[in-house]
Amino acid sequence: MKKLMAANWKMYKTAGEARTTAASLAALAAEALPDDREVLVFPPFTALSSVGDALRHAPGFSVGGQDVYPAAEGAFTGEISPAMLLDCGCGWVLTGHSERRHVIGETDELVGRKTAFSLTAGLKVVLCIGETIEEREAGRLAEVLERQMATGLAGVKADAVPDAIAVAYEPVWAIGTGKVAGPPEIIDAHAKVRQLLVSRFGEAGRAVRILYGGSVKPENAREIIALDNVDGVLVGGASLQADSFSRIILA
Ligand code: 13P
């Protein structure tokens, strides 16, 4: 199973800035990319085409959208469809990122519809899940993961598994805070996610990649990626500079 090394650029970079970063990334990492690594970049919508151009000839690299609306087309002002993402060269989409859940107010149910619709439309999906600090301190980790997995994967058909779906465990309290979850916390949460995948999809659930996200840096990436059931990372802040993200990719 290849490790999936993903960059979420959130609401950073104009198209030109994104192209420059993507081109440097390709120059730094594409040549040296080991066979067991795959790289995925989620730029803002306005930079999808420029990043796609910059990475077109970089083997092992792909591009994805940070969000999507679960309809083919229609009167949904401000939204973007799976076909539009595919048209910009995207192979992937993120669903359920914690900033969409907690800042924009997306429900579990909407995340589930986005996930299922995108898969049917031919995109691969990274479904993001994770608990807040209040939920963790109240001992509700297992319950939150169970609920987000059940609703997030509600309409997912068995044939999407394992290749077209990955799950990113991103504890909300570790995102952008510099507070990385420790190995015991990561191992415990990822084991819970693995168990939920296996109970939902049977043996195929063992081959679904589970990514860790939350303050991943060049300094801690190697340790994190080596933990049980960690099949990749989803990186925010430390992915914005080509040099820093390429050190994570090659960690
Ligand atoms: P940071 O790496 O900045 O903590 O962000 C993580 C994240 O939200 C990736 O999707």
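The values are calculated or read from the model by the stated rules, or taken from the named source; none is laboratory data. No experiment lies behind these values; they were computed from the predicted model shown. Neighbour counts run over all protein chains shown; Cβ positions are idealised from the backbone, glycine included. Only protein heavy atoms, including side chains, enter the accessible area calculation; ligands, DNA and RNA are left aside. Shrake-Rupley method; radii C 1.70, N 1.55, O 1.52, S 1.80 Å.
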Considering only residues of segment 1-17 that are among the hydrophobic types (A, V, I, L, M, F, W, C) and away from the ligand (no atom under 16 Å from the Cβ), which is surrounded by the most Cβ atoms within 10 Å (Cβ to Cβ)? Ala15
So how many residues does segment 173-196 have that are among the aliphatic types (A, V, I, L, M), open to solvent by 10 Å² or more (accessible area, probe 1.4 Å) and modelled with pLDDT of 95 or more? 3
Before we move on, is Asn229 more than 16 Å from the ligand (Cβ to nearest atom) and in contact (Cβ under 8 Å) with a residue 12 or more places away in the chain? yes
I want to confirm something. Restricting to segment 90-146 and keeping residues that are among the polar types (S, T, N, Q) and within 14 Å of the ligand (Cβ to nearest atom), which single residue is farthest from the chain's Cα centre (by Cα)? Thr132
Residue selected from segment 179-201 under the condition touching a helix residue (DSSP H, G or I) at 6+ places or on another chain (Cβ under 9 Å) and among the small types (Gly, Ala, Ser), by the criterion farthest from Leu145 (Cα to Cα): Ala181
Expected output for segment 153-169 (first residue under 15 Å from Leu211 (Cβ atoms), partner open to solvent by 40 Å² or more (accessible area, probe 1.4 Å) and charged (D, E, K, R), Cβ below 9 Å, 6+ apart or cross-chain) is Pro162/Arg206; Asp163/Lys124; Ala164/Lys124; Ile165/Lys124; Ala166/Lys124; Tyr169/Lys192
Looking at Val68, Val41, Val63, Val51, which one is in a helix (DSSP H, G or I) and surrounded by 21 or more Cβ atoms within 10 Å (Cβ to Cβ)? Val51
For Phe201, indicate whether it is outside any loop (DSSP other than H, G, I, E, B), of a type outside the set (Gly, Ala, Ser) and in contact with a strand residue (DSSP E or B) (Cβ under 7 Å, 6 or more places away or on another chain). no
Of all residues in segment 202-237, which are open to solvent by 10 Å² or more (accessible area, probe 1.4 Å) and either of a type in the set (Lys, Arg) or touching a helix residue (DSSP H, G or I) at 6+ places or on another chain (Cβ under 6 Å) (or both)? Arg206, Arg209, Ser215, Lys217, Pro218, Arg222, Leu227, Asp228, Asn229
Number of the exception - Ser81 against (1) over 27 Å from Gly52 (Cα atoms); (2) open to solvent by less than 30 Å² (accessible area, probe 1.4 Å); (3) small (Gly, Ala, Ser): (1)
